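Colleague: Encoded as structure tokens, here's the structure I'll be asking about.
The values are calculated or read from the model by the stated rules, or taken from the named source; none is laboratory data. This is a predicted model, so every value here is computed, not measured. Here the Cβ positions follow ideal geometry from the backbone for every residue, glycine too, while neighbour counts run over all protein chains shown. Accessible surface is based on the protein model in full, side chains and every heavy atom, while ligands, DNA and RNA are left aside. Shrake-Rupley method; radii C 1.70, N 1.55, O 1.52, S 1.80 Å.
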Amino acid sequence: MGVSLFMHSVRLVLGDWRNALRITGLLYLIYAVPALILSLMVPPPPPGATPGEIAAAMGASAPVNIITTLLLAVVYVWLAVTWHRYILLNEEPSGQLPPFRSTEIIAYAGNAILLILIMLAFSIVVGLVLSPLLFLGPIGAILMPIIFISLALIVDYRLGLVLPARAIGQRLTFGEAWEATKGQSGTILVLAIISAVAAVLITVPGMVLALIPGIGGILALLWQMATGWITLVVGVSLLTTLYGVYIEKRSIPA
């Protein structure tokens, strides 16, 4: 079932790529183009740089990182609300840019912040509970991150269903989202792992391009910009699919 959920989420984007680009492409470019330009303005430290040079490069890139992070946050929430509404309500924006639905966007952002805080508290508690595993030596050092990441992914995806609800103007509490996905932890874990592996694999060509002398860095940034859109919209589609299946009781098309 986890594989089916993932494949359906991918089909929502790649199987309908023209509409996906039309609805979300310009929004993504609002983030990606400035981020690309700013990244080119602040080159990374050269190979073999000293610790001082690395620290100086990090300090110089700090303002750029702050700007791009804030821009990404705004664009992500705007894009996510728009895409959720397109899939769940069949709502197609009429203009070049989708409408900025302030009520839904603010509610979405607020609940996303709450979810981040919940996950932070969860991480602290689970980290403390699992810390005795470190006394088992190498076996514990391997088991602890596996267990921790698995639990975190399950909790994040199950509670994350409140976000599509806010996007379409519905009220769903974290408790209700948790109850609606009761007994589905295994399926959601498989979905999360497949998604994480796919996100890593899609970055490999960019890493290879970065090794090309001269233009490698620019080619890698262009690859990151292109695949970043796919990763972003498919990620939103994952929550959309989970919401449709577990909250709205939709079936996944064969």
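Colleague: Please state which of the following conditions Ser94 fails to meet, knowing it meets all the rest: (1) modelled with pLDDT of 75 or more; (2) assigned to a helix (DSSP H, G or I); (3) loosely packed, with under 14 Cβ neighbours inside 10 Å.
Modeller: Condition (2) is where Ser94 drops out.
Colleague: Mind checking which residues of the range 202-254 are in contact (Cβ under 8 Å) with a residue 12 or more places away in the chain and not in a helix (DSSP H, G or I)?
Modeller: Ile202, Thr203, Ile247, Glu248, Ile252, Pro253
Colleague: In this structure, does Ile118 turn out to be loosely packed, with under 12 Cβ neighbours inside 10 Å, hydrophobic (A, V, I, L, M, F, W, C) and within 20 Å of Arg158 (Cβ to Cβ)?
Modeller: Criteria not met by Ile118.
Colleague: Which one is surrounded by the most Cβ atoms within 10 Å (Cβ to Cβ) among residues in the range 18-33 that are of a type in the set (A, V, I, L, M, F, W, C) and farther than 24 Å from Leu70 by Cβ?
Modeller: Of everything passing the filter in the range 18-33, Ala20 is surrounded by the most Cβ atoms within 10 Å (Cβ to Cβ).
Colleague: Could you go through the range 149-158 and let me know if any residue there is touching a residue at least 12 places away in the same chain (Cβ under 8 Å), open to solvent by less than 40 Å² (accessible area, probe 1.4 Å), part of a helix (DSSP H, G or I) and touching an Asp or Glu at 6+ places or on another chain (Cβ under 8 Å).
Modeller: Checked the range 149-158: no residue is touching a residue at least 12 places away in the same chain (Cβ under 8 Å), open to solvent by less than 40 Å² (accessible area, probe 1.4 Å), part of a helix (DSSP H, G or I) and touching an Asp or Glu at 6+ places or on another chain (Cβ under 8 Å).
Colleague: Still on this structure: For the range 102-115, enumerate the residues that are touching a residue at least 60 places away in the same chain (Cβ under 8 Å) and exposed (fewer than 11 other Cβ atoms within 10 Å of the Cβ).
Modeller: Answer for the range 102-115, where residues must be touching a residue at least 60 places away in the same chain (Cβ under 8 Å) and exposed (fewer than 11 other Cβ atoms within 10 Å of the Cβ): just Thr103.
Colleague: Considering only residues that are over 22 Å from the mean Cα position of the chain (by Cα) and closer than 20 Å to Ile147 by Cα, look in the range 171-196 and name the one that is least open to solvent (accessible area, probe 1.4 Å).
Modeller: Gly183
Colleague: So for the range 190-209 (the condition being at positive phi and of a type outside the set (Asp, Glu)), does at least one residue qualify?
Modeller: no
Colleague: Quick one: which of Ala199, Ala165 is hydrophobic (A, V, I, L, M, F, W, C), in a helix (DSSP H, G or I) and crowded, with 16+ Cβ neighbours inside 10 Å?
Modeller: Among Ala199, Ala165, only Ala165 is hydrophobic (A, V, I, L, M, F, W, C), in a helix (DSSP H, G or I) and crowded, with 16+ Cβ neighbours inside 10 Å.
Colleague: Could you list all residues from the range 209-250 that are surrounded by fewer than 16 Cβ atoms within 10 Å (Cβ to Cβ), aliphatic (A, V, I, L, M) and modelled with pLDDT of 90 or more?
Modeller: Matches in the range 209-250: none.
Colleague: Right, next: Looking only at residues in the range 121-141 that are out of contact with any helix residue (DSSP H, G or I) (no Cβ under 9 Å at 6 or more places or on another chain) and either in contact (Cβ under 8 Å) with a residue 60 or more places away in the chain or part of a helix (DSSP H, G or I) (or both), which one is most open to solvent (accessible area, probe 1.4 Å)?
Modeller: Selected residue: Phe135.
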